[in-house]
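Bear in mind these aren't lab numbers, they're just calculated from the coordinates by the rules spelled out. Just so we're clear, the structure is a prediction, and the values are computed from it rather than from any experiment. Ideal geometry is used to build each Cβ from the backbone, glycine not excepted, and the neighbour counts take in all protein chains shown.
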Amino acid sequence: MKKIRLNEMLGIKYPFIQGGMANIATGEFAAAVSNAGGLGLIGAGGMRKEELRENIKICRSKTDKPFGVNLMLMNPEAADMAKIIIEEDVKIVTTGAGNPAKYIEAWKENGIKIFPVVSGSTFAKKMEQYGVDGVIAEGTESGGHVGEMTTMSLVPQIVDAVSIPVIAAGGIADGRQLAAAFALGAVGVQLGTCLLVSEECPIHEAYKASVIKAKDNDTIVTGRIAGTPVRIIKNQMAREYVKQEKAGADKMELEKFTLGSLRRAVFDGDIKTGSLMAGQVAGQLKEIKSLEKIFEDMYSEYKKVVEGLY
Ligand code: TUI
């Protein structure tokens, strides 16, 4: 039986959803992603609750296409934000960095489609039992907060573990990787790193330039030992963090490096001491393009790849 693709499920052009992109994905950016044919998401990660409300309003004023909110569950205001999502009539939610169980019932009662990020099959099954609409299987290739499993190993195991739709994430930035995600059983993909280098992405130009300059081995995971694994582009901060981490520095000491570091990268373009969150696909990204062109190129390459498979 042919599976229903993510774009049909959500009423959008392409089977692409945007990653959470905390501190980056404003209402304006999410609207631009939706207008280009993907599913734009307001990244609530770095926001205060009233900022989220404001950004939902901005997004709605700039697009008539479906959009959603990514609720980063480590946000201290996550519980209030879960209510704001309902109050502001948002219809699609993705969640990351934790367990959204306590919000699911209220969201479902309000007809909200829910897609939690999962990094293993036990949690994916638990989410299925709670009645979510699909799961996002995010491999460790992703930028930002990551799990252990690679996309190649994770996606088929999640597909086998649950009977709800699975969206693949981590390591997807072109048509070959999109074809691979479908081959693994996904109904669509989540994109983050390749959107950092879009014309519309509101990060500092120096951050974009670092992604373009990065080669395949230029990202590293900091915080694996401390229990907060975050993939970033190697820079002075990353090297110093890992050095201290290996020397046995405690969690509080290590936090000094990361405090406010994502914001320094995004807003100030501080490429030395900022956290340049990016996935392993950074090495493939060579130019800045419009969101529309990124999506078009990826989808047309995917079509060609499938025709040429042997
Ligand atoms: O959340 C992400 N990626 C992120 S969040 C973020 S904001 C941030 N800023 C500074 C430091 C740390 C984070 C940047 N990137 N991806 C989704 C994701 N979710 N990855 C892993 C998980 C996850 C982890 C644990 C999902 C569920 C979970 O626990 C559930 C359980 O109960 O087992």
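Things to note:
- Fraction in percent of alpha-carbon pairs per bin - 5 Å, region 202-274: 3, 17, 28, 25, 16, 9, 2, 0
- Short-range pairs are left out: with C-alpha atoms under 8 Å and at least six residues apart, the relative contact order of the chain is 16 percent.
- In the chain, helices alone account for a calculated mean residue ellipticity at 222 nm of -12500 deg cm²/dmol, with every DSSP H run of four or more residues adding -39,500 (n - 2.57).
- Straight Cα distances below 20 angstrom link LYS256 to the aspartates and glutamates GLU240, GLU245, ASP268, ASP270, with same-chain residues fewer than 8 positions distant left out.
- Relative contact order of region 185-310, pairs being alpha-carbon contacts under 8 Å that are 6 or more residues apart, as %: 35 percent
- Hull volume in cubic angstrom per residue (convex hull over the Cα atoms of the chain): 127 Å³
- Region 294-310 and region 82-156 have Cα centres lying 28 Å from one another.
- Sparse-neighbour loop sites [GluC sites (Glu not before Pro); region 257-296; at most 12 other C-beta within 10 Å; DSSP]: GLU287
- Proportion of all alpha-carbon pairs of region 20-96 beyond 17 Å (%): 31 percent
- Legend: residue pairs LYS13/LYS91; LYS13/LYS83; LYS57/LYS286; LYS2/LYS303, Cα-Cα distance threshold 26 Å; pairs beyond threshold, LYS13/LYS83; LYS57/LYS286.
- When peptides 212-224, 165-177, 230-242 are ranked by their average number of other Cβ atoms within 10 Å per residue, the highest-first order is 165-177, 230-242, 212-224.
- For region 146-246: relative contact order, % (alpha-carbon pairs under 8 angstrom, 6 or more apart): 19 percent
- Unit charges on C-beta of K, R, D, E only; dipole of region 164-310, Debye: 440 debye
- Low-density loop cleavage sites - chymotrypsin sites (Phe, Trp or Tyr not before Pro) in region 4-70, where at most 13 other Cβ are within 10 Å (DSSP): none
- Sorted by Cβ density within 10 Å, fewest first, the residues SER119, SER300: SER300, SER119
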